[in-house]
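Chemist: The structure's right below; bear with me while I get my questions together.
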Amino acid sequence: NQVLEMFDHAYSNYMEHAYPADELMPLTCRGRVRGQEPSRGDVDDALGKLVYTGTEHLLTVVFQVLNKTKEFEEAVKKVIKDVNLDNDIVVSVFETNIRVLGGLLGGHSVAIMLKEKGEYMQWYNGELLHMAKELGYKLLPAFNTTSGLPYPRVNLKFGVRHPEARTGTETDTCTACAGTLILEFAALSRFTGTSIFEEYARKALDFIWEKRQRSSNLVGVTINIHTGDWVRKDSGVGAGIDSYYEYLLKAYVLLGDDSFLERFNTHYDAIMRYISQPPLLLDVHIHKPMLNARTWMDSLLAFFPGLQVLKGDIRPAIETHEMLYQVIKKHNFLPEAFTTDFRVHWAQHPLRPEFAESTYFLYKATGDPYYLEVGKTLIENLNKYARVPCGFAAMKDVRTGRHPLFLHRMDSFFLAEMFKYLYLLFADKEDMIFDIEDYIFTTEAHLLPLWLSTTNQTISKKNTSTEYTELDDSNFDWTCPNTQILFPNDPMFAQSIREPLKNVVDKSCPRGISRA
């Protein structure tokens, strides 16, 4: 009930004060429209005058607010009426894919499910899917490179390298930017029968795989989209790489193609060999993987325990999650980056949902009520320190948390992901109007149905087994692990893993923040 109330508070304020702007500025109760506010540099590439927040809320409304399915119906109608995909504006290919294309496809998935049930959405005729296809075609010019890796930005009206496009001169992109397309692009191909989207996303993944460092099986953070040379040669599981690994495993789950699982397992073996230093996950150099590349971790790696749950590797997931929770108990939120001795490196906190995501998956895997208490802590901290009259505001410094120091933003991922995972953490099966196990989450927590794996399979699967001879994968089972076998049905098991980590964060450092 608390989560539902918090979602209502954030969503209703966005609709009242900001819609159809991309974001709500929660301190002044106004919408952020790109070009009308001072530029924030690359951050604004996530804004496309596309009603990002409204599009991202589609799925959130339908099962967050279970008794308000009519609101979902109204949200769909608003997006169909108000979202303009033909703007002369330069946007991030990555952000537009995961937020807007993913939101449209997730909304379509839920719309057709509700229509099939016979009570709601009877008027729906695939309008969101038509919009998704239009957007997909607008993203395709970004892939006009010899490597198949997309340019990081595209003009929605003029594409790339057009005289009026104002983009197309970039040479580098991040690994996650190029490697986090396959779920949305493949779903678009499977829904529509148009294979080109899945083909382009697969080609980008194939190129990254070919360019991995062969001796370590690691990938760098940024890559030259024309030559394939690694520009930044550090490697970790956080910012710049994170969702590349996530999408390899989830592409296997959604599409059933063994090559994705083989690639993931090859990378995962390297991650656990070099990057994992329990309970830490530290970046290393791809050519010298025994050498740490830095002495701090970024908060985006908080997704990784959840991915380890999906992989079936529960013990290290519990360890890393517990370490992160100890940092949260010290600072009330995860700072954007913190050192190996758990001191703040970058102090801001933009309401990221990755830790809540991993908490949900660990609870699903273990059934340990400890993770419900973790979720309760997250809710209490959000309400106590981030809540403002017009929503929730990102924090500039977790060490102070004073109201004047809040960042002026409430990103769409906060509503699309944070409340969804917190709601699902506490929801019983009977609270759901559909079976969540029939869907897979995208990196932005949009839902894609698993039945897509057998629909419109137009992509030929080449035999790539010879690529994997360098890895002894005898310890990998090619089926999704059964957590009941991996994880003893004993609540003390998880506690025994967590216990040694309870003092891992220096308790003497000051904690607790005050409101101005």
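The values are calculated or read from the model by the stated rules, or taken from the named source; none is laboratory data. Only a predicted model underlies this, so the values are computations on that prediction, with no experimental measurement involved. Neighbour counts are summed over all protein chains in view; Cβ atoms, including those assigned to glycine, are modelled from backbone coordinates with ideal geometry. The area values use the complete protein model at the heavy-atom level, side chains included, leaving out ligands, DNA and RNA. Shrake-Rupley method; radii C 1.70, N 1.55, O 1.52, S 1.80 Å.
Chemist: Within region 139-148, track down each residue that is surrounded by 21 or more Cβ atoms within 10 Å (Cβ to Cβ) and free of Cβ contacts under 8 Å to residues at least 60 places away in the same chain.
Modeler: Within region 139-148, 139, 141, 142 qualify.
Chemist: Every residue in region 188-217 that is open to solvent by 30 Å² or more (accessible area, probe 1.4 Å), among the hydroxyl-bearing types (Ser, Thr, Tyr) and within 19 Å of residue 268 (Cβ to Cβ), please.
Modeler: 215
Chemist: Just for region 113-127: of the residues that are open to solvent by less than 50 Å² (accessible area, probe 1.4 Å) and at pLDDT below 95, which one is nearest to residue 74 (Cα to Cα)?
Modeler: Looking at the filtered set, the residue picked out is 121.
Chemist: Turning to a different aspect of this structure: Residues of region 440-455 being in contact with a Leu (Cβ under 7 Å, 6 or more places away or on another chain) and either of a type in the set (Phe, Trp, Tyr) or closer than 9 Å to residue 254 by Cβ (or both), which ones?
Modeler: Just the residues of region 440-455 that are in contact with a Leu (Cβ under 7 Å, 6 or more places away or on another chain), to begin with: 440-442, 446-448, 450, 452-453.
Those that are in contact with a Leu (Cβ under 7 Å, 6 or more places away or on another chain) and either of a type in the set (Phe, Trp, Tyr) or closer than 9 Å to residue 254 by Cβ (or both): 440, 441, 448, 450, 452, 453.
Chemist: Only one of (1) over 27 Å from residue 408 (Cα atoms); (2) within 16 Å of the chain's Cα centre (by Cα); (3) small (Gly, Ala, Ser) is not met by residue 317, so which one is it?
Modeler: Status for residue 317: all satisfied but (2).
This table checks each residue for (1) closer than 19 Å to residue 502 by Cα; (2) among the hydrophobic types (A, V, I, L, M, F, W, C); (3) free of Cβ contacts under 8 Å to residues at least 24 places away in the same chain; (4) crowded, with 23+ Cβ neighbours inside 10 Å.
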| position | (1), (2), (3), (4) |
| --- | --- |
| 338 | yes, yes, no, yes |
| 369 | yes, no, no, no |
| 397 | no, no, no, no |
| 401 | no, no, no, yes |
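Chemist: Within region 222-232, work out how many residues are within 15 Å of residue 288 (Cα to Cα) and either open to solvent by less than 10 Å² (accessible area, probe 1.4 Å) or in contact (Cβ under 8 Å) with a residue 60 or more places away in the chain (or both).
Modeler: Result for region 222-232: 0.
Chemist: Go through region 288-297 and give me each residue that's open to solvent by 10 Å² or more (accessible area, probe 1.4 Å) and either under 28 Å from residue 371 (Cα atoms) or small (Gly, Ala, Ser) (or both).
Modeler: If we filter region 288-297 for residues that are open to solvent by 10 Å² or more (accessible area, probe 1.4 Å), which is where we start, we get 288-296.
Within region 288-297, 293, 296 qualify.
Chemist: Looking at 248, 261, 300, 310 in this structure, which one is in contact (Cβ under 8 Å) with a residue 12 or more places away in the chain and farther than 23 Å from residue 352 by Cα?
Modeler: One residue alone meets the criteria, 261.
Chemist: Checking the conditions here, which among 417, 437, 357 is at pLDDT 95 or above and of a type in the set (Asp, Glu)? So that I can check it myself, show each step before the final result.
Modeler: Values: 417 fails: at pLDDT 95 or above; 437 fails: at pLDDT 95 or above.
Only one candidate qualifies: 357.
Chemist: Which members of region 268-297 meet the condition of being in contact (Cβ under 8 Å) with a residue 24 or more places away in the chain, farther than 21 Å from residue 353 by Cβ and in a loop (DSSP other than H, G, I, E, B)?
Modeler: Across region 268-297, the qualifying residues are 278, 282, 283, 286, 287, 289, 293, 294, 295.
Chemist: Also, quick follow-up: Name every residue in region 165-200 that is touching a Pro at 6+ places or on another chain (Cβ under 9 Å) and closer than 16 Å to residue 101 by Cα, in order of residue number.
Modeler: Answer for region 165-200, where residues must be touching a Pro at 6+ places or on another chain (Cβ under 9 Å) and closer than 16 Å to residue 101 by Cα: 177, 178, 181, 187, 200.
Chemist: Then there's this: Residue 285 fails exactly one of the following numbered conditions: (1) under 17 Å from residue 248 (Cβ atoms); (2) open to solvent by 20 Å² or more (accessible area, probe 1.4 Å). What is the number of that condition?
Modeler: Answer for residue 285: the failing condition is (1).
Chemist: Let me ask something else about it. Could you check, for region 249-267, whether at least one of its residues is assigned to a strand (DSSP E or B) and under 20 Å from residue 301 (Cβ atoms)?
Modeler: Step one: list which residues in region 249-267 are assigned to a strand (DSSP E or B), which gives none.
No, region 249-267 contains no residue that is assigned to a strand (DSSP E or B) and under 20 Å from residue 301 (Cβ atoms).
Chemist: Give me a count of the residues in region 435-459 that are open to solvent by less than 20 Å² (accessible area, probe 1.4 Å) and in a loop (DSSP other than H, G, I, E, B). Write out each step before concluding.
Modeler: Our first condition is that a residue be open to solvent by less than 20 Å² (accessible area, probe 1.4 Å); within region 435-459, this holds for 440-442, 444-449, 452.
Narrowing further to those that are in a loop (DSSP other than H, G, I, E, B): 442, 444-446.
Of the residues in that region, 4 qualify.
Chemist: Within region 251-271, which residues are at pLDDT 95 or above, in contact with a helix residue (DSSP H, G or I) (Cβ under 7 Å, 6 or more places away or on another chain) and not acidic (Asp, Glu)?
Modeler: Matches in region 251-271: 251, 252, 254, 255, 260, 261, 263, 264, 266, 267, 268.
Chemist: Moving on. Given the residues 89, 98, 80, which is the only one that is open to solvent by less than 50 Å² (accessible area, probe 1.4 Å), among the β-branched types (Val, Ile, Thr) and over 22 Å from the mean Cα position of the chain (by Cα)? Talk me through it step by step, then tell me what you get.
Modeler: Working: 98 fails: over 22 Å from the mean Cα position of the chain (by Cα); 80 fails: open to solvent by less than 50 Å² (accessible area, probe 1.4 Å).
Only one candidate passes the filter, namely 89.
Chemist: Let me ask another. What single numbered condition from (1) buried (at least 22 other Cβ atoms within 10 Å of the Cβ); (2) in contact with a Lys or Arg (Cβ under 8 Å, 6 or more places away or on another chain) fails to hold for residue 361?
Modeler: (2)
Chemist: Also, quick follow-up: Just to verify a result, which residue in region 1-22, among those that are charged (D, E, K, R) and either in contact with a Phe, Trp or Tyr (Cβ under 6 Å, 6 or more places away or on another chain) or closer than 22 Å to residue 378 by Cβ (or both), is surrounded by the fewest Cβ atoms within 10 Å (Cβ to Cβ)?
Modeler: As a first pass, look at region 1-22 and keep what is charged (D, E, K, R): 5, 8, 16, 22.
When the remaining residues are screened for being either in contact with a Phe, Trp or Tyr (Cβ under 6 Å, 6 or more places away or on another chain) or closer than 22 Å to residue 378 by Cβ (or both), the result is 5, 8, 22.
Working: 5: 9, 8: 15, 22: 26.
Only one residue tops the list, namely 5.
Chemist: A follow-up question, please. Quick one: would you say residue 305 is of a type outside the set (A, V, I, L, M), closer than 18 Å to residue 501 by Cβ and under 18 Å from the mean Cα position of the chain (by Cα)?
Modeler: So residue 305 passes the test.
Chemist: Contact list please: Cβ distance under 7 Å, first residue in region 413-439 and under 15 Å from residue 358 (Cα atoms), second residue of a type in the set (D, E, K, R) and at pLDDT 90 or above, pairs at least six apart or on different chains.
Modeler: 417/357; 417/444; 421/357
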